[in-house]
Amino acid sequence: QDKYAGIQEKLRSSAIALSLFRTPAFTRQFRRSTKKLKIYDYLLETKNAVSDLYFRIKTIGFTHEMEDYEKRKLGIFNQLNLFQLLSGIIVPIMVIFVDPAVPKASQLLACAPAFISVLVLVLNYYQKYDASMISYFILYPFFTSLVYMGGMNLGIDLFFVLYGILSVFFLQEIAHML
């Protein structure tokens, strides 16, 4: 009991300190102090640029003829591929720096899911929706399995659960499943 009292007190004090950062007075003071240094403007411009880029990627392949449901579905699919692209780039780079002894073939194979995400986004851009879905649901599990069999455990076990859920959501027609 006494052993954990110090830890609990530190957690409480850090929670109180974090709650101070959420007050309107702190926010106003932060804006005033950063405006003097022009940091606030830079952060605001960066936030706007990132959110604009995110919106443009989310809306890749949208057409005026699409219904709202189809646009939402394509937006989710594009977001999923964006985040998988980012993780498909970041994780292999981290592996290269942490363990440089990993063979080059394994490093290239670990980048394959990122290339598949790029392929899917390009196919969506050219409005080849069926080709993008089929390539995603065939190539992505195949190459992530190869990466997993190659000895790199990238924590992709949950992706296979995600594939099952997504296949029910995206692959409505029986022709896509065959």
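The values are calculated or read from the model by the stated rules, or taken from the named source; none is laboratory data. Here the structure is a predicted model, which means the values were calculated and not measured. What goes into the accessible areas is simple: the full protein's heavy atoms, side chains included, and nothing from ligands, DNA or RNA. Shrake-Rupley method; radii C 1.70, N 1.55, O 1.52, S 1.80 Å.
Here region 44-119 has 71 percent of its accessible surface on carbon and sulfur atoms, given a 1.4 Å probe and all protein chains in place. Couplings 3J(HN,Hα) for region 68-77, derived from phi with the Karplus relation 6.51 cos²θ - 1.76 cosθ + 1.60 (θ = phi - 60°), are 4, 4, 5, 5, 4, 4, 5, x, 5, 5 Hz, where x marks Gly and Pro.
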